[in-house]
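The values are calculated or read from the model by the stated rules, or taken from the named source; none is laboratory data. A quick note: this is a predicted structure, and the numbers were derived from the prediction, not measured. Here the Cβ positions follow ideal geometry from the backbone for every residue, glycine too, while neighbour counts run over all protein chains shown. For the accessible areas, the whole protein counts, side chains as well, though only heavy atoms, and no ligand, DNA or RNA atoms are used. Shrake-Rupley method; radii C 1.70, N 1.55, O 1.52, S 1.80 Å.
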Amino acid sequence: MNMHVIGLGYVGLPIAVTFSELGNVVVGIDKNKEKIDLLQKYETRITEAKLKDLLIKNINAKRLSFSSSLESIGKADVITIVVDTPISLGGVDLSYINTVVHDIANYLDGYTVIVIKSTVLPGTCKKIENLIKQLNPKASFDVVSIPEFLREGMAIHDIFEPNRIVIGVESQRAKNILEKLYSPFKNKTKIFFTSRSSAEMVKYASNSFLAMKISFINEISNLCEKSGCNVYDVAYGMGLDTRIGEKFLNPGPGYGGNCFPKDTLGLASFGKSVGLRLTLVESTIMANESRKKELADKISYFVREYKTPKVAFLGLPFKAGVDDCRKSPSIDIIIKLLDKNIDVCAYDPIPTGIDNSRKILGSRITYAVDAYNAVKNADLIVFGTECENFKFLDWAKIGTLVRNKIIFDLRNIINSQEARKNGFVCHIIGTSNT
């Protein structure tokens, strides 16, 4: 099948690569010519497991190509749109999607299925359909919603091994084509066909529920610290209940990235637009913002005795294994520390993670080449992501480098027993032990 993917970011590029691997002829399109030039040279700045190997393989097999031009759109059986839908003062900003729709409308030639994978509110596919009809009344097409449920860093895996595929379609012709496109998955997972508006809502409802689960366990974490409980035991005990499940019960500095913050705000805004207050979603948003302030205040308290405190912050993206610093809790906490006149030296094992954090923080902090350089003369070491590298640090060596032996582990990632043997005081969120 001839497939075009418009928007080659953290979601669009893995989709283009994996569907070419499944045997489709895929053209990836992005207006960023620098990005296209890199991809044509087998390079990408996106950190994603197996992405580069599949990129090289399918370009060489001539199943995958890239362009900044829309001229080949008319040949596509399926056009997948994966551009950003940021939050604006008026709700969800559809300007990027509307631009794409305006750009492709007059190129449509023959019947085409237009797949909206960008996260959009219920009713958006209908609006896109109406817009294309206005721009090109002769066009033969259907607009469908297929929300993505990919984890950054695991996107390739999640496409090949999906836990469900939700397809919002209201045309039998489009459904027949999508059944063929997704036929490699029919024996792997549940493929659920529903209306377009219901599919659009599934994405927002899913992400908001998971965000709510994260905020809930963080509140329980605070309660455990005050009551002498261990939140990790509590979370494990909760997760044994199959009605609850163990996933997303990991206490930490709050949710971040491009999806959860945007989608909770988008859903709350959508509720207000139809006259409803989504109080649970709104409380989740407030709890997540409060979480970062709470942790910054704790860090400030731990170093209150020092005249010019220095904090070593290890882990900068919103989670380990990725380089995406958008709405990263680590970045938000660091900003709050800087506002308290606390010096910060940071490190992340993914170089592009440091590059992306520098785009946000600039020269307000210093960056280290490794964890050991980051902790030099530090009064406190903070662990902001669950990076595997942090499990194997040499605490005897670190003990000779720091100014004061205090650790605040926001992810329960380090070997605290080994650190304590070397004289460190370890603060682990969700426990009363130090």
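Tilt of helix 124-135 relative to the longest C-alpha principal axis of the chain, in degrees (0 to 90, nearest 10)?
Tilt of helix 124-135: around 40 degrees.
Run the accessible area of the chain with a 1.4 Å probe and give the carbon-and-sulfur part as a rounded percent. Let's see the in-between values first.
Details: 10270 of 19940 Å².
Within the chain, the accessible surface is 51 percent carbon and sulfur.
On a C-alpha basis, how far is the centre of the range 305-378 from the centre of the range 261-303 in Å? Whole number, if you could?
Answer, in whole Å: 23.
With the cut-off at 31 Å, tell me which of the pairs Lys52/Lys75; Lys203/Lys391; Lys327/Lys421 have Cα atoms farther apart than that.
With Cα atoms farther than 31 Å apart: Lys203/Lys391; Lys327/Lys421.
Which of the aspartates and glutamates could a cross-linker span from Lys226 if the Cα-Cα distance has to be under 20 Å and same-chain partners fewer than 8 positions apart are dropped?
Counting by Cα, and skipping residues close in sequence, Lys226 has these aspartates and glutamates nearby: Glu294, Asp297, Asp409.
Taking the 0 to 90 degree range and rounding to the nearest ten, how far is the long axis of helix 260-273 tilted relative to the main principal axis of the chain, both from C-alpha atoms?
60 degrees
Could you go through the range 137-143 in sequence order and give the Karplus-derived ³J(HN,Hα) for each residue, using 6.51 cos²θ - 1.76 cosθ + 1.60 with θ = phi - 60°, rounded to whole Hz, and x for Gly and Pro?
Rounded to whole hertz, the list is x, 8, 5, 10, 6, 9, 9.
From the phi of every residue in the range 424-432, what ³J(HN,Hα) in whole Hz does the Karplus formula 6.51 cos²θ - 1.76 cosθ + 1.60 yield, where θ is phi - 60° and glycine or proline is x?
7, 8, 10, 9, 10, 4, x, 9, 9
Going by the alpha-carbon gyration tensor, a ≥ b ≥ c the square roots of its eigenvalues, is the chain rounded (a/c under 1.5) or, if a/c is not under 1.5, prolate (a/b greater than b/c) versus oblate? Walk me through the numbers on the way to the answer.
Details: a/c = 2.18, a/b = 1.77, b/c = 1.23.
Since a/c reaches 1.5 and a/b is larger than b/c, the shape of the chain is classed as prolate.
Connecting C-alpha atoms closer than 10 Å in a GNM of the chain, tell me which of Thr279, Thr47, Thr194 has the biggest fluctuation.
Thr279
How large is log10 of I(q)/I(0) for the range 111-198 at q = 0.15, 0.26 Å⁻¹ when the intensity is taken from the Debye formula with one equal scatterer per alpha-carbon?
-0.59, -1.36
Please identify, among Ala346, Ala211, Ala49, the residue showing maximal mean-square fluctuation in a Gaussian network model of the chain using a 10 angstrom Cα cutoff.
Judging by the Gaussian network model, the answer is Ala49.
For the range 220-279, what does the alpha-carbon gyration tensor say about shape, rounded, prolate or oblate, given a ≥ b ≥ c as the root eigenvalues, a/c under 1.5 as rounded, and a/b over b/c as prolate?
Because a/c hits 1.5 or more and a/b exceeds b/c, the range 220-279 counts as prolate.
Under the Karplus relation 6.51 cos²θ - 1.76 cosθ + 1.60, θ = phi - 60°, what is the ordered set of whole-Hz ³J(HN,Hα) values for the range 23-31, x standing for Gly and Pro?
x, 7, 8, 10, 10, x, 10, 8, 6
Rounded, prolate or oblate, given the Cα gyration tensor of the range 44-111, with a/c below 1.5 counting as rounded? All intermediate terms of the calculation are to be shown ahead of the outcome.
Values: a/c = 3.11, a/b = 1.25, b/c = 2.49.
In terms of gyration-tensor shape, oblate.
Every cysteine in the chain with no other Cys Cβ under 4.7 Å from its Cβ, please list them in numeric order.
When partners are defined as cysteine Cβ atoms under 4.7 Å apart, the chain leaves Cys125, Cys259, Cys325, Cys345, Cys387, Cys426 without one.
Out of residues 5 or more away from Thr80 or on other chains, whose amide H comes under 5 Å of its own, with H placed 1.01 Å from N in the peptide plane?
Under 5 Å from the amide H of Thr80: His4, Val5, Ile6, Val115.
Run lengths n ≥ 4 of DSSP H only: what is the helix-derived mean residue ellipticity at 222 nm for the chain, with -39500 (n - 2.57) per run over all residues, to the nearest 500? Working shown, then result.
Numbers: 16 runs with 183 residues, N = 434.
Estimated from H runs of four or more residues: -13000 deg cm²/dmol.
Cut-off 10 angstrom, C-alpha nodes, Gaussian network model of the chain. Which of Asp409, Asp348, Asp233 fluctuates the most?
Asp233
How much accessible area per residue does the range 132-285 have, in Å², with a 1.4 Å probe?
Values: 7820 Å² over 154 residues.
Computed with neighbouring chains in place, this is 51 Å² per residue.
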